[in-house]
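The values are calculated or read from the model by the stated rules, or taken from the named source; none is laboratory data. As the structure is a computational prediction, the values presented were derived from the model and not from experiment. Here the Cβ is made from the backbone with ideal geometry for all residues, glycine too, and neighbour counts use every protein chain on show. Note: accessible area is taken over every heavy atom of the protein model, side chains too, but ligands, DNA and RNA are not part of it. Shrake-Rupley method; radii C 1.70, N 1.55, O 1.52, S 1.80 Å.
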Amino acid sequence: MSNEIAKQDMSPVGSYRDPHLLPYAFARSNGILIAEDDEGRVLCIGPYANQDTIPEVLRVFGGIYDTRYFNDKEFGELLSTIFSNLNLQDEIETSTEEKDVEDLDSILEGFEKSADLLAGEDDAPVIRLLNSLLSESVRSSASDIHLEPYEDKVTARLRIDGVLTELASFSPKLAPYIVSRIKVMARLDIADKRKPQDGRLSLTLGDKIYDVRVSTLPTRFGERVVMRLLDTDKAFIELSDLGIDNKSFSRFETLLQEPNGIILVTGPTGSGKTTTLYASIALLNDQTRNIMTVEDPVEYAVPGISQTQVNSKIGMTFANGLRSILRQDPDVVMVGEVRDIETAEMAVQASLTGHLVLSTVHTNSAASAITRLLDMGIERYLLSSSVKGILAQRLVRKLCNNCKTEVEPTPAFLNQMQVSEENAKMACRAVGCLECKNTGYRGRTALYELITITEEIKTLIHDGASEQEIEAIAFKDAPRLSDSGRELVLTGVTTVEEVLRVAKLKEAKNASL
């Protein structure tokens with residue numbers, strides 16, 4: 001069967017299941033695996049398959065009704081998909097019943113910093129339990145893993161699409177061993193359990209590489225661990241894929257072409273500010289500019305850009321890093337966050353001396369970023385002449401396309417959306433199915449509002465105008481966060497409840513469908 005003929009009938013990678021016939025290490029090294037779809041067993045062959053093993057696999061395993069060929073990327077995705085679906089509950093029960101947990105230390109000593117979880121031959125129960133947790137997190141597209149120790153249990157929770165969901169609970173006796181395992185992987189001090197520690201590690205799952213940031217914190221019943229999973233494949237998202245409305249996107253793209261000034265991205269923790277900054281510098285990274293960053297921490301390595309890590313222990317703060325960067329002849333500077341007056345003053349000075357500065361501020365709206373910088377101590381005349389634009393954003397969960405249900409809009413809903421019934425394009429509610437794990441939501445998108453600092457707004461800032469006065473002018477003909485959310489609700493992308501979770505709307509009460 002030729003590759004072209006086989007691929008015509010090929011099912012999506014996500015529709016295959018693991019029949020547990022071939023071990024992962026064999027499948028990966030030989031480029032052959034056996035999967036299942038709705039019709040039965042399928043022999044899946046990669047581009048570099050060991051042709052000598054195919055007849056033997058067909059001889060040993062019966063019931064294979066079809067042979068399908070995959071390119072390198074598809075075969076790697078298939079490996080990751082079917083082998084990452086581990087039975088977590090079985091692992092928990094096995095780990096709890098195991099008697100020789102004390103022997104784990106000897107196993108941990110030889111563990112490499114970056115290792116393929118699925119290829120490991122070590123069956124130590126705690127190691128299998130942790131590997132299962134990591135695999136389940138990746139399969140669920142979780143951004144964070146929380147391991148929380150309590151008196152009678154340890155709870156594992158995943159943050160999926162911005163919402164924490166409990167995954168499993170297990171014996172508190174396992175907690176010290178799991179934490180030790182994580183610490184070894186992240187090159188942290190196992191012996192010191194009295195102070196917080198931060199580290200990072202690299203994991204491979206099939207052909208996908210994940211950068212994991214690890215944070216430990218002492219609590220009453222043991223060390224609490226949070227691991228943030230960063231998929232390196234998603235590091236290079238384009239600005240046009242972020243979901244900014246066309247009008248705001250055009251204005252923001254124009255701001256990025258400014259030769260100097262400050263462009264700020266605002267929002268709470270977890271609102272996607274860093275992703276927007278990375279997408280912005282990727283747009284500017286045409287090899288004609290010297291782009292440098294100072295971050296805490298450096299989340300993704302970007303080719304062609306010099307990235308510096310903040311290290312407060314040796315005095316490498318945002319302000320000191322920015323001061324040093326300015327001696328390196330940069331054109332564009334990205335500062336992870338403006339936290340204090342020193343960093344703010346350095347950013348202003350950099351912008352006034354001909355540099356384009358991109359950074360973030362933790363504020364609730366675009367206009368309140370101006371107030372925040374003034375509160376830090378920046379003079380009004382400096383602020384009005386240096387800041388070029390402020391983008392505020394929030395993340396909302398998208399309705400699951402498989403189960404979302406269109407419903408008749410209620411009068412309260414129409415009033416909330418400020419539209420008539422004939423103009424309500426679509427109103428949908430979350431239902432829940434197996435694909436979205438009965439949440440009704442799958443994936444996230446963003447709400448945006450953009451303030452461009454025009455001459456009129458410069459005058460308002462200089463004259464000490466309030467946030468409300470600035471917003472009245474800035475959003476006269478531009479969408480606010482609430483307008484962006486309203487559009488997503490009316491087009492069936494998300495729900496009123498999701499928008500109300502992150503942004504205010506008029507008369508929020510009784511607006512649900």
Given the C-alpha centroids of the stretch 40-60 and the stretch 439-509, what is the distance between them in whole angstrom?
55
As I understand it, the dipole of the stretch 203-324 uses +1 on the Cβ of Lys and Arg and -1 on the Cβ of Asp and Glu, about the Cα centre. Which of GLY304, LEU242, THR276 lies farthest toward its positive end?
THR276
Among SER169, PRO149, LEU129, flag the residue with its Cα farthest along the positive direction of the charge dipole of the stretch 126-181, charges on Cβ as +1 for Lys/Arg and -1 for Asp/Glu.
LEU129
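According to the square roots a ≥ b ≥ c of the eigenvalues of the Cα gyration tensor, what is the shape class of the stretch 171-235, taking rounded for a/c under 1.5, prolate for a/b larger than b/c otherwise, and oblate for the remainder? All intermediate terms of the calculation are to be shown ahead of the outcome.
On the way: a/c = 2.39, a/b = 2.01, b/c = 1.19.
Prolate is the answer for the stretch 171-235, as a/c is 1.5 or above and a/b outweighs b/c.
Any chance you could tell me what percent of the C-alpha pair distances in the stretch 163-280 go past 17 Å?
Values: 4766 of 6903 pairs.
For the stretch 163-280, the fraction of Cα-Cα distances above 17 Å is 69 percent.
Between beta-carbons, use under 14 Å as the cut-off and find the net charge around ALA474, counting Lys and Arg +1, Asp and Glu -1.
On the way: positive: LYS247, ARG251, LYS388, LYS458, LYS476, ARG480; negative: GLU449, GLU455, GLU456, GLU467, GLU469, GLU471, ASP477, ASP483.
Counting the neighbours of ALA474, the net charge comes to -2.
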So what are the three principal axis dimensions of the stretch 406-493 from its Cα atoms, in whole Å, longest to shortest?
55, 30, 16
GluC sites (Glu not before Pro) within the stretch 134-200: which are DSSP loop residues with at most 16 other Cβ atoms inside 10 Å?
GLU151
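Take the solvent-accessible surface of the protein heavy atoms, probe 1.4 Å, and return the percent of it on the stretch 183-251 that carbon and sulfur atoms account for.
Numbers: 1910 of 3740 Å².
Exposed carbon and sulfur together represent 51 percent of the surface.
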Using only Cα atoms, locate the centre of the stretch 388-413 and the centre of the stretch 234-278, then give the distance between them in Å, rounded to an integer.
20
Which distance in nm do the two modelled labels at HIS362 and ARG501 give, with both placed 7 Å along the Cα-to-Cβ direction?
2.1
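Suppose we take every Cα in the stretch 358-513 and form the convex hull; what volume per residue is that in Å³? Please report the intermediate quantities before stating the final value.
Working: hull volume 18.9 nm³, N = 156.
About 121 Å³ per residue, rounded to a whole number.
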Could you pull out the trypsin sites (Lys or Arg not before Pro) across the stretch 214-323 that fall in loop regions by DSSP (anything but H, G, I, E, B) with no more than 15 other Cβ atoms inside 10 Å?
ARG220, ARG289
Per residue of the stretch 141-155, in order, report the coupling 6.51 cos²θ - 1.76 cosθ + 1.60 (Karplus, θ = phi - 60°) as ³J(HN,Hα) in whole Hz, putting x for Gly and Pro.
6, 6, 8, 9, 10, 10, 10, 10, x, 10, 4, 10, 6, 10, 9
Taking the stretch 324-416 as the region of interest, what is the percent of Cα-Cα pairs per 10 angstrom bin, listed from the shortest bin to the one with the maximum distance?
13, 37, 19, 12, 14, 5, 0
Kirkwood hydrodynamic radius for the stretch 238-384: how many Å is it when counted over pairs of different Cα atoms?
15.5
Semi-axes of the equivalent ellipsoid for the stretch 355-394, Cα gyration tensor, largest first, Å:
16, 13, 8
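Sort 177-187, 71-81, 294-304 for me by packing, meaning the mean count of neighbouring Cβ atoms within 10 Å per residue, highest on top.
Details: 177-187: 21.0, 71-81: 18.1, 294-304: 16.4.
The densest-packed peptide leads the list: 177-187, 71-81, 294-304.
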